[in-house]
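Reading through the structure tokens given below for one structure.
The values are calculated or read from the model by the stated rules, or taken from the named source; none is laboratory data. Keep in mind that this is a model prediction, so the values were computed, not measured. Cβ coordinates were reconstructed from backbone atoms using ideal geometry, including for glycine residues, and neighbour counts include every protein chain displayed. The accessibility values were calculated without ligands, DNA or RNA, using every heavy atom of the protein model including side chains. Shrake-Rupley method; radii C 1.70, N 1.55, O 1.52, S 1.80 Å.
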Amino acid sequence: IEYYDLCITPPVPVHTGLRIRIHRLVDTRAQHAAYIPPRGRITYNAQASGVIGVVIAVRAMEKGTTEFIVRNDATCHYPYAPDFEYLTVPHIPGITLRLTIWQALTRYL
């Protein structure tokens, strides 16, 4: 199991049943030792993480974040990728995530 954090607002709010592809952000300084970015600016490149799958459940809900379980369907293309991943999303209803009525109720119980 690997853990990922959502750091860019998705085009569609994350919800159970959504098919997603996760990319990891890699600091360009780590990729090119000779590259020196302008002062105060750090740049990143997106790199395939080997995670292409469906959000199958909500794992945990805290005050500011919600954690989803993603079943990885791409293990045949990425043999070393785990079968399941956890995706932590900032809790901004309608923008970063969409919960069913039951998921929303259990958040406040």
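For the chain, what does the accessible surface come to per residue with a 1.4 Å probe? Please give it in Å².
Values: 7410 Å² over 109 residues.
The answer is 68 Å² per residue.
Give, as a single signed number, the net charge of other residues whose beta carbon lies under 13 Å from the beta carbon of Asn72, with Lys and Arg counted +1 and Asp and Glu -1. Display every interim value, and only then the final one.
Numbers: positive: Arg19, Arg21, Arg71; negative: Glu2, Asp73, Asp83, Glu85.
Value of the local net charge: -1.
Dipole of the chain, Cα-centred, from +1 at each Lys and Arg C-beta and -1 at each Asp and Glu C-beta, to the nearest 20 debye? Walk me through the numbers before you get to the answer.
On the way: 11 positive and 8 negative charges, 69 e Å.
Charge dipole of the chain: 340 debye, to the nearest 20.
How much space per residue, in cubic angstrom, does the convex hull of the C-alpha atoms of the chain take up?
On the way: hull volume 12.9 nm³, N = 109.
So the per-residue hull volume is 118 Å³.
Rounded to the nearest percent, how much of the accessible area of the chain (1.4 Å probe, protein heavy atoms only) is carbon and sulfur? Walk me through the numbers before you get to the answer.
Working: 4330 of 7410 Å².
Answer for the chain: carbon and sulfur cover 58 percent of the accessible area.
If you stretched the chain out fully between Ala48 and Thr16, how much longer would it get, using 0.36 nm times the residue separation minus the C-alpha to C-alpha distance?
Numbers: separation 32, 0.36 × 32 = 11.52 nm, distance 2.21 nm.
This chain segment gains 9.3 nm when fully extended.
Can you tell me the relative contact order of the chain? Whole percent, Cα pairs under 8 Å, sequence separation 6 or more.
Numbers: 195 pairs, mean separation 34.0, N = 109.
Relative contact order here is 31 percent.
Distance between the C-alpha centers of the stretch 67-109 and the stretch 7-27? Whole Å please.
Centre-to-centre (Cα) distance: 9 Å.
Considering amide H positions built from the backbone, and no H for Pro or chain starts, which residues 5 or more places from His15, or on another chain, come under 5 Å of its amide H?
For His15, whose amide H was placed from the backbone, the distant partners under 5 Å are Arg98.
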